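First up is the structure itself, then whatever we jot down about it.
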Amino acid sequence: MTKLINLPALLILDVQKGFDDPYWGKRNNPMAEENMARLQAEWRKRKGTIIYSKHLSVQPQSPLHHTNKEGTEFKDLIKPEPNEMVFTKQVNSAFIGTEMETYLSEQQIRSVVITGLSTQHCVSTTTRMSGNLGLQTYLVSDAIAAFEITDHNGKKHSADTVQELELAMLQKEFATILTTDEIINQLEHI
């Protein structure tokens with residue numbers, strides 16, 4: 001297993017109230033937010049860097065539409081503190097249309113731990129870009145959640161299947177996949 005050498009930045013992507021809307025369909029991993037909160041608490045205890053993204057959709061039907069104040073708010077369990085960075089975005093990647101890449105470079109941060117919502121959207125896209133940008137990227141499998149989808153042929157795929165396949169595609173080429181417990185256990189040795 002890959003070992004954490006230094007404390008990476010913790011990225012918490014789009015953990016917003018709008019993801020509780022039935023619009024998205026069934027989701028997996030109901031403990032994702034609790035695992036994110038465990039990681040958030042560990043990073044705060046260690047005075048590590050925590051970075052959030054907030055999705056402000058331009059799609060009028062989206063529960064994350066920029067005019068939906070309640071839907072775009074962070075979930076209570078994961079609210080940022082005033083000293084923590086928040087980047088707002090309108091697309092899936094937290095790197096596009098934001099200053100996140102510049103911020104990481106200026107802070108000399110070369111590794112990140114990624115959590116958030118949803119696996120097949122912002123989590124996957126940001127993870128791929130992070131890996132492509134040369135960052136040492138860790139994706140926390142039980143601190144993310146996917147939603148069911150219907151493909152181009154009309155076949156429905158469960159949230160668990162979506163999660164499993166996304167993790168399979170991201171492993172090794174873009175990120176190292178770890179669990180919350182694995183990350184926390186490795187922090188004991190940093």
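The values are calculated or read from the model by the stated rules, or taken from the named source; none is laboratory data. Bear in mind the structure is a predicted one, so any value in this text is a computation, not a measurement. Virtual Cβ from ideal backbone geometry, glycine too; neighbours counted across all protein chains shown. Heads up: the accessible areas ignore ligands, DNA and RNA and are worked out on the full protein's heavy atoms, side chains in. Shrake-Rupley method; radii C 1.70, N 1.55, O 1.52, S 1.80 Å.
Evaluated over the range 16-93, the count of Lys pairs having alpha-carbon atoms less than 29 Å apart is 28 (only pairs 8 or more residues apart or interchain). Determine the distance separating the Cα centre of the range 50-70 from the Cα centre of the range 135-163; give it in Å without decimals. The two parts, judged by their Cα centres, are 20 Å apart. Taking all Cα-Cα distances within the range 81-190, those exceeding 22 Å account for 37%. The residues of the chain present an accessible area of 50 Å² per residue when probed at 1.4 Å with all protein chains retained. In whole percent, what relative contact order does the range 1-127 give with Cα contacts below 8 Å and a gap of six or more residues? That works out to 35 percent.
Site pair Lys156 and Arg44 shows an inter-label distance of 3.8 nm when each label is modelled 7 Å from Cα along Cα→Cβ. Exposed loop sites are taken as trypsin sites (Lys or Arg not before Pro) in a DSSP loop (any state but H, G, I, E or B) with at most 15 other beta carbon atoms within 10 Å; the longest stretch of the chain without one runs 48-109. Within the listed set Ser53, Ser62, Ser111, the Gaussian network model of the chain (springs between alpha-carbon atoms below 10 Å) gives the highest mean-square fluctuation for Ser62. The convex hull defined by the C-alpha atoms of the chain has an orientation-averaged projected area of 10.5 nm². Toward the positive end of the charge dipole of the range 16-67, with +1 on the Cβ of Lys and Arg and -1 on the Cβ of Asp and Glu, the farthest Cα among Ala41, His55, His66 is that of Ala41. Sequence-distant contacts, meaning Cα pairs under 8 Å at least 6 residues apart, place the relative contact order of the range 61-190 at 19 percent. What you get for the chain, charging only the Cβ of Lys and Arg (+1) and of Asp and Glu (-1), is a dipole of about 200 debye around the Cα centre. Pairs of alpha carbons in the range 61-126 separated by more than 17 Å make up 52% of all such pairs.
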